[in-house]
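A.B. asks: Please find one structure pasted underneath; my questions will follow.
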Amino acid sequence: MTISKPSVYEPLTESGAISLAIRLGLFPEGTPLACREIGDGNLNLVFHVVDQQTRKGVIIKQALPYAKVVGESWPLTLKRAVIESNALRTFASYVPQYVPKVYYSDESLAITVMEDLSRLQIVRKGLIEGKVYPLLSEHIGEFIAKTLFYTSDFGMNQQQKKQLSQSFVNPELCKITEDLVFTDPFFDHETNNFEDELRSDVETLWADDALHLEVAKLKRKFLTEGDALIHGDLHTGSIFASDTETKVIDPEFAFYGPFGFDIGQFFANLLLNALSRPEQEQEPLLAHVEKTWNVFADVFSALWEQHNVEPYAKTKGLLEEVLRQTFVDAIGFAGCEVIRRTIGLAHVADLDGIEDKNRRLHAKQRALELGRRLILQRQSLNNVGEIRSLFLQTFVTTH
Ligand code: SR1
Ligand code: MG
């Protein structure tokens, strides 16, 4: 539901969020409400409003007119709140079990009011604590397969797909990814951020023409290929989970993009966590990478067989070609994301949180080597099991 009452944008405070929750009729007048701003991401305010008697709560997420991670010097469109609530609603029509319910949205206030997921934990935090989330890859593989298939030219009316893609034109948020994931880390750019001890490794990347060519090809895909409605920022900080449940949040970067992008970002963030762990604890992350791909490919293939609307669907070899290209692209996108999270803007706590300096620097050197190989060797990997071999090789070469 979208609230029609006109309102003027201003950033909410905790007491303002409580008043808004009452005004929206989310709680009866007189409910003893408490509120905390709990946003720990890079961009938005997130208010947790809770009935102190029943412990029932809601989340009010509000976009700020600038990137919180940098400050007011980096203005950012409020329209991303509409993109986010519309993407959550679109995803809910295919995989309601994997997204929070959206109760209200208000474009002028740039807010989305949604289900309280505080029973779950942000996956990045849990993985850093050593948790494994046994169903994570099964759930994310299914989430990606269904959202991609049903919003693509294979799974929906092809005229309607063009209409839908127009409502997800998201140039400012795409530009962030174009710059921060695909460009800045590969040049001496002011947004980069890395320890002095990594400088020679980083300068080697900056001077690598073969790498530049491959990243440029991947960036071109991101700029031009509108396969399906993608989440656009599917890292482990955009996922809540428990041992039994998984919820994908924060699709403010959603747009019509390449099939392989969400898979690649998810792979990258699993691999970054694996790099942060002692060797004997890395296996569950590598198993998650494999299972995500296998579940994705199985679910996508089953949907293709049963629900494909494209007259060429049954053409021998087409599904295999789409899956192969998606796999190769996902590996390349993963490589760019691994490098960006190591030396670019918006690092990950998995690596930055390693207290021992030598161990941290070694993990980061290994991340750079892993990212480089994922990008350069993506065409030669035959199956998802080979990502594991490539990951293990970087241990030998950077030790
Ligand atoms: C300026 S925004 C930095 C990063 O935060 C988001 O989560 C995206 O990953 C973006 O690249
Ligand atoms: Mg986010």
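The values are calculated or read from the model by the stated rules, or taken from the named source; none is laboratory data. The shown structure was predicted, so the numbers you read here are calculated from the model rather than taken from an experiment. Neighbour counts run over all protein chains shown; Cβ positions are idealised from the backbone, glycine included. When the accessible area is computed, the model is the full protein with side chains, heavy atoms only, and any ligands, DNA or RNA have been set aside. Shrake-Rupley method; radii C 1.70, N 1.55, O 1.52, S 1.80 Å.
A.B. asks: Among the listed residues V49, V8, V58, identify the single one that is within 13 Å of A110 (Cβ to Cβ), more than 16 Å from ligand 2 (Cβ to nearest atom) and touching a residue at least 24 places away in the same chain (Cβ under 8 Å).
C.D. replies: The conditions single out V8.
A.B. asks: State which residue pairs qualify: first residue not assigned by TED's automatic domain parsing to the domain that holds L43 and modelled with pLDDT of 95 or more and inside the range 230-241, second residue more than 10 Å from ligand 1 (Cβ to nearest atom) and of a type in the set (D, E) in any location, beta carbons under 9 Å apart, and separation of 6 or more residues or different chains.
C.D. replies: Pairs found: I230/D262; H231/D262; G232/D262; D233/D262; L234/D262; T236/D350; G237/D40.
A.B. asks: Let me ask something additional. Looking at (1) surrounded by 13 or more Cβ atoms within 10 Å (Cβ to Cβ); (2) part of a loop (DSSP other than H, G, I, E, B); (3) free of Cβ contacts under 8 Å to residues at least 12 places away in the same chain; (4) not aliphatic (A, V, I, L, M), find the lone condition where T31 falls short.
C.D. replies: That leaves (3) as the condition not met.
A.B. asks: How many of the residues making up the range 370-389 are in contact (Cβ under 8 Å) with a residue 12 or more places away in the chain and farther than 15 Å from E214 by Cβ?
C.D. replies: 4
A.B. asks: Further question: Say whether the condition of being within 18 Å of the chain's Cα centre (by Cα) and more than 14 Å from ligand 2 (Cβ to nearest atom) is met by at least one residue in the range 64-73.
C.D. replies: no
A.B. asks: May I pose another question? Would you confirm whether any residue within the range 309-320 is open to solvent by less than 50 Å² (accessible area, probe 1.4 Å), under 22 Å from the mean Cα position of the chain (by Cα) and not charged (D, E, K, R)?
C.D. replies: no
A.B. asks: Taking only pairs six or more apart or across chains, which ones have beta-carbon atoms under 7 Å, a first residue in the range 284-313 that is assigned by TED's automatic domain parsing to the domain that holds N383, and a second residue that is open to solvent by 30 Å² or more (accessible area, probe 1.4 Å) and assigned to a loop (DSSP other than H, G, I, E, B)?
C.D. replies: P284/V132; W304/F154; N308/F154; V309/F154; V309/N157; E310/D153; E310/F154; A313/F154
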